[in-house]
Each structure stands twice: as C-alpha cells, then as structure tokens.
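Trainee: Next up is a structure, given as structure tokens.
Computed from the coordinates by the stated procedures, all read-outs in this text should not be read as laboratory data. These numbers come from a predicted model, not from an experiment. Quick reminder, even Gly has a Cβ in these numbers, built from the backbone with ideal geometry, and neighbours come from all protein chains shown.
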Amino acid sequence: MPQTFPVVIGENGFAWGEGLHKDMKPKKKEGDGHAPAGVFKLGIGFGDQNMLKQSSWPYKVISDQDIFIDDVKSSYYNSFQLKDSNIKDWDSFEEMRRLDGLYDKAIVIKHNMNPVKPSFGSAIFFHIWRSNSLFTRGCTAMSKNNMSILLKWLNQDDNPLLIQLPSNIKL
C-alpha cells in the first residue's frame, strides 16, 4: 500500500471526536460538518459484494434494508439497523445502499462508539469520494481505487488505528 494518498474530510475541517485520545475541545457534534480529529479504532467494512472475497477485514454486504441511525434520541444512535425492524425507535437514519455509490466500499470509523454519547456525531466512515475537490459532511473519503486498496491491505491482527489531526495541532 502507498504510504499516503489523498483524502477529503468534512466541509468544516476537524473537531475533536470521541475516540482513544484524551478529551479535547472543540468537540464534534451531530451534523456540524466536521470530521472527527483524534485516534480511532476501525470497525467493519461494508459495501457491495465485489469486496467480500478480496479482503480479510470483516466486511458486510449492504442491502436495501441496511441503515445507520443518526437520530440522537434513539437508543440505537450511531449503529447499523434494518429499515423494517420491529424495534424501531428512530426518526432519522442514513441509507447505506446509495445510488451515488459512495458506500460501495467503506469502513466504519469507531468515533463515538464506546460509549455512545447522543449528539456527539454518528455515521462516521471511510468511504468513496464524490471528487477530490468536494468535502464530506463529516467523514473521510478517498478515491474508489484507494478505498479498495485500503480494504485489501487492512489486517485485523495488526489492530490498525486511524490517526487524523489538523496540521497545526500541537501535542
């Protein structure tokens, strides 16, 4: 895998996320257009069937029923669920099978997942970009080819982490 490749982030840059790093401010909030800054574990990969046998990383093939809950009042906030679930307590969610193909290859970034804090941001992923000049609403996106390279390269036994920080940060 190349050592680096270009990505795009949230339209408003970075705000500190909920991850493995110490508590920092300003904090990422639901819908703020910031990508989370910090250190994060990676969750399951997901998308179309094409990646299933090409990667050793845990991977879920997405169906029309798969959604990701972004309703801050839901007890299922920041998790995968099924659209026709009998346990539905949410009013808003993100469709995982998209016509624009952004989630044809993607990985959950474990931001705000342990523990989940309502309003601190949900549905944060590595995914395919629209273009290298268009920001996301809070995710980290890359080309389809680089997303495939990343999914093939990841190895669960290595316990990889995402470290993303603004260039002007002083640690």
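Trainee: Using the structure shown, select from LYS60/LYS117; LYS27/LYS117; LYS53/LYS83; LYS53/LYS144 the pairs with a Cα to Cα distance greater than 21 angstrom.
Mentor: Table pairs above 21 Å Cα-Cα are LYS60/LYS117; LYS53/LYS83.
Trainee: Taking a temperature of 4 °C and a viscosity of 1.567 mPa s, what whole-number D in µm²/s does Stokes-Einstein yield for the stretch 90-171 with Rh from Kirkwood over alpha carbon pairs?
Mentor: Translational diffusion coefficient: 89 µm²/s.
Trainee: Across all directions of projection, what mean area in square nanometres is found for the Cα convex hull of the chain?
Mentor: With the hull built on Cα positions only, its mean projection is 10.1 nm².
Trainee: Also: Work out how much length ASN155 to ARG137 would gain on full extension: take 0.36 nm times their residue separation and subtract the Cα-Cα distance, in nm to one decimal.
Mentor: Contour length minus Cα-Cα distance gives 3.7 nm.
Trainee: Now for a separate question. Explain nothing, just the number: relative contact order of the stretch 47-122, from Cα pairs under 8 Å at least 6 residues apart, as a whole percent.
Mentor: 32 percent
Trainee: How large is the convex hull of the Cα atoms of the stretch 40-110 per residue, expressed in Å³ as a whole number?
Mentor: In the stretch 40-110, the Cα hull volume divided by residue count equals 100 Å³.
Trainee: Can I ask one more? Positive end of the charge dipole of the stretch 29-70 (Lys, Arg +1 and Asp, Glu -1 on Cβ, about the Cα centre): tell me which of ILE69, GLY38, TRP57 has its Cα farthest that way.
Mentor: After comparing all options, I get TRP57.
Trainee: Could you let me know the centre-to-centre spacing of the stretch 110-136 and the stretch 6-42, using Cα atoms, in angstrom?
Mentor: 8 Å
Trainee: Can I ask one more? For the chain, calculate the relative contact order in percent as a whole number, restricting contacts to Cα pairs under 8 Å that are 6 or more residues apart.
Mentor: In percent, rounded to a whole number, it is 31.
Trainee: Another one. Skipping prolines and chain starts, which residues have an amide H placed within reach, meaning under 5 Å, of the one on ALA15, given they are 5 or more residues away or on another chain?
Mentor: It is ALA35, ALA37, by chain and number.
Trainee: Let me ask something additional. Report, for the chain, the % of DSSP beta bridges that are antiparallel, rounded to 5.
Mentor: Antiparallel bridges make up about 60 percent of those DSSP assigns within the chain.
Trainee: Now for a separate question. Mind checking Rg over Rh on the stretch 1-78, alpha carbons, Kirkwood formula for Rh?
Mentor: Ratio of gyration radius to Kirkwood radius: 1.01.
Trainee: Would you kindly state how much longer the chain becomes between LYS117 and ASN145 on full extension, computed as 0.36 nm times their sequence separation minus their alpha carbon distance, in nm to one decimal?
Mentor: 6.7 nm
Trainee: With the chain treated as a Gaussian network of Cα nodes joined by springs under 10 Å, which of SER143, SER56, SER85 yields the largest mean-square fluctuation?
Mentor: Answer for the Gaussian network model of the chain: SER85.
Trainee: Okay, next question. About the Cα centre of the chain, how large is the charge dipole given +1 on each Lys and Arg Cβ and -1 on each Asp and Glu Cβ? Please answer in debye to the nearest 20.
Mentor: 480 debye
Trainee: Another question about this same structure. What lysines sit close enough to LYS41 to cross-link, taking a C-alpha to C-alpha distance under 16 Å and skipping anything fewer than 8 places away on the same chain?
Mentor: LYS22, LYS110
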